[in-house]
Amino acid sequence: MFKKQLTLLASVLALLIITLGSCKSKYEKLKASNDYAKKYQEAIKYYNKQDYNKALGLFEVLVERYRGRAEAEDLFYYYAFTNYKLKDYTAARYHFKTFADTYPSSTRAEECRFFSAYCYYLDSPIYSLDQDNTLKAIESLQLFINLYPKSDRVTEASKLIQNLRDKLETKAYANAKLYLTISDYQSAVIAFNNALRDYPDTKYGEEMEFLTIKAQYLYASHSREEKQEERYNLAVVYANQFNEKFPSSKYGNEAKGLIKDSERGAQYAKRIMAEAMNNYKLAEKLAKKDSVKTLPPSEKNQPQKIPY
C-alpha cells in the first residue's frame, strides 16, 4: 500500500515537472522565435495578467524591432510601465521621459512626463542620505507643472514637491545641528544661517535661530582673544534679533543669558587686548595661540568662564 502511494506521488511530481517544463519551453521558444507579431500579442497578455517579468522579457526583444513603426508608441508605453510595475524606477523614468520626448503630441505624453518625475520621487532616499534624486525630482515635477499647468495632476505634483522640500529642510536642519554637536561652531553658524535663508518658513525656524546664537557664542568663546570681541558682539546681535522676533519663546531666558555672557566676554577680550598693547610678554603669549582654541572632550560644548 505504501509503495503504491509513493508511486502515485512520484507520477504526480513527474507530471508537474513536465507541465512546468513545457510552459517554460513554450515561453522561451516564443522569445527566441521570429514571430514578432505573436511576441507583441503575448507580451500584452502577460502585462494584463500582471506577469511583468515575462512581459518585460518579450518587450525587450521587441523595442528595437518596432522602433519607428506605427506600433512603437503602444509598445514603448507598455515597456515603460512594465519597468515601473517591477519597481525598476531608474529604467522606468528613462523610458517614460523617452516616450514623452518622442511622442510629445500623444495623449499619453502628459502621463509619461508625470511618471518620469514620479519615479525620481520614489527613488528619493531618507533625508540623511545624498539628495541628488530629491533635487532631480523637484526639477522634473516643476517642469511637468510648467508644461501642463492645466493638468489634473498639478495639485499632486505640487504636494510631492512640498514633501521633497520638507525632506531637504530636515536635512539642512540636521546637518547644522551636527556641526554644533561635533563642536565645529563656525560651520554650525554658517549652516544655520544658510538653512534659514533657504527655508525662511521652516518649522525649525525658532530653534535654529536660537542655536545660531549658541553656536556663535561658543565660536567666540573658543577663539583667540583678538577675535573674541567681534564674535561675541555678533552673538549679541543674533540674540537681540531673536528676542525681537520671538518675544515669548521658550528659549527666551537662555537667549538673555547668552547676551549677558557675550557682553561680559566682549568686555574681557577688549581689556586683555588693551593690556597686550603695553605688555610684550602677554602679546607674545596671545600671538602663539591657535586661531580657535581646542578643549578636551570632557569640556566640549561647555562655554568658558569669563573672568570678572
*Return the pairs, sorted by first residue and then second, in which the second residue is β-branched (Val, Ile, Thr) and buried (at least 24 other Cβ atoms within 10 Å of the Cβ), the first residue lies in region 213-235 and is part of a helix (DSSP H, G or I), the beta carbons are less than 8 Å apart, and the residues are 6+ apart or on different chains.*
Ala215/Val189; Gln216/Val189; Tyr219/Val189; Ala235/Ile213
_Contacts under 6 angstrom Cβ, first residue in region 257-278 being in the same structural domain as Lys227 (by TED's automatic domain parsing), partner modelled with pLDDT of 80 or more and of a type in the set (S, T, N, Q), 6 or more apart_ = Ala266/Asn233; Ala269/Gln228
_Of the residues Glu169, Glu209, only one is part of a helix (DSSP H, G or I) and not assigned by TED's automatic domain parsing to the domain that holds Glu244; which?_
Glu169
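Given Phe96, Phe114, which one is under 22 Å from Ser151 (Cα atoms), crowded, with 18+ Cβ neighbours inside 10 Å, modelled with pLDDT of 95 or more and in contact with a Lys or Arg (Cβ under 6 Å, 6 or more places away or on another chain)?
Working: Phe96 fails: in contact with a Lys or Arg (Cβ under 6 Å, 6 or more places away or on another chain).
Phe114 is the lone residue from the list that is under 22 Å from Ser151 (Cα atoms), crowded, with 18+ Cβ neighbours inside 10 Å, modelled with pLDDT of 95 or more and in contact with a Lys or Arg (Cβ under 6 Å, 6 or more places away or on another chain).
Yes or no, residue by residue, for (1) in a helix (DSSP H, G or I); (2) more than 30 Å from Asp35 (Cα to Cα); (3) under 27 Å from the mean Cα position of the chain (by Cα):
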residue	(1), (2), (3)
Leu56	yes, no, no
Phe96	yes, no, yes
Asp101	yes, no, yes
Ser105	no, yes, no
Asp130	no, yes, yes
Leu135	yes, yes, yes
Phe144	yes, yes, yes
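How about region 181-228: which of its residues are of a type in the set (Gly, Ala, Ser) and more than 30 Å from Gln162 (Cβ to Cβ)?
Matches in region 181-228: Ser183, Ala220, Ser221, Ser223.
The values are calculated or read from the model by the stated rules, or taken from the named source; none is laboratory data. In this text the structure is predicted, and so the values were computed from the model without any measurement. Cβ sites come from the backbone with ideal geometry, for glycine too, and all protein chains shown count toward neighbours.
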